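Here the structure is laid out as structure tokens; the discussion comes afterwards.
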Amino acid sequence: MCSRKLNFLEIYFYLNYAIAGYIIYILLLPFISPVMNRLLPDLWQCAFLRITGKPCPLCGFTRDLSSVFKGDSAVLINPASIFIIFFVILNFIYRVGVIAFFKKVPKRIQKISAYADLLTHAAIIILLLISAVRRM
């Protein structure tokens, strides 16, 4: 058993594997969703919508993602979906780049990149929370 403590950059590097996996899950969601909706209809609903009775900031995203994959993006349920899809795809490309090249860049650049990434995602989470609160 290894008792070595991981430093911030090592944790960030491994976190990118988890985030890349989550992004793959998001991109596969239109294919997973119909099956899960049939198997677990009560569980496979938006928890925010179920609890509050109001749509969450991401409501319609799965259906919009499915429409975009089918090439029918003329009518989107959630106007933010196209930006979210673009962000998710760019984020996936970034994660693959980090996994492939992160250890080859100088430590100083690694730290700047990691902190900028964390701050960007913190800002996105704050904006989503503000949007959710405004919809209540």
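The values are calculated or read from the model by the stated rules, or taken from the named source; none is laboratory data. Please read these numbers as outputs of a predicted model, since none were measured by experiment. Backbone-built Cβ (ideal geometry, glycine too); neighbour counts: all protein chains shown.
Worth pointing out:
- Verdict on I93 being modelled with pLDDT of 85 or more, farther than 27 Å from V133 by Cα and either outside any helix (DSSP H, G or I) or of a type in the set (A, V, I, L, M, F, W, C) (or both): yes
- Considering (1) farther than 27 Å from R134 by Cα; (2) among the charged types (D, E, K, R); (3) free of Cβ contacts under 8 Å to residues at least 24 places away in the same chain; (4) in contact with a helix residue (DSSP H, G or I) (Cβ under 7 Å, 6 or more places away or on another chain), the lone condition that D64 does not fulfil carries the number (1).
- Positions within segment 58-87 being part of a helix (DSSP H, G or I) and either charged (D, E, K, R) or surrounded by fewer than 17 Cβ atoms within 10 Å (Cβ to Cβ) (or both), in sequence order: R63, D64, S66, V68, F69, K70, I82, F83, F86, F87
- Residues that are part of a helix (DSSP H, G or I), of a type in the set (D, E, K, R) and within 22 Å of Y17 (Cβ to Cβ) do not occur anywhere in segment 33-40.
- Lone qualifier among P55, P30 - being under 17 Å from L128 (Cα atoms), surrounded by 14 or more Cβ atoms within 10 Å (Cβ to Cβ) and not β-branched (V, I, T): P55
- Within the option set I109, I125, being within 13 Å of the chain's Cα centre (by Cα), exposed (fewer than 12 other Cβ atoms within 10 Å of the Cβ) and assigned to a helix (DSSP H, G or I) holds for one residue only, I125.
- Screening Y25 on (1) outside any loop (DSSP other than H, G, I, E, B); (2) surrounded by 12 or more Cβ atoms within 10 Å (Cβ to Cβ) shows it passes everything except condition (2).
- Looking only at residues of segment 33-48 that are within 22 Å of I84 (Cα to Cα) and surrounded by 13 or more Cβ atoms within 10 Å (Cβ to Cβ), we find that the one that is modelled with the lowest pLDDT is W44.
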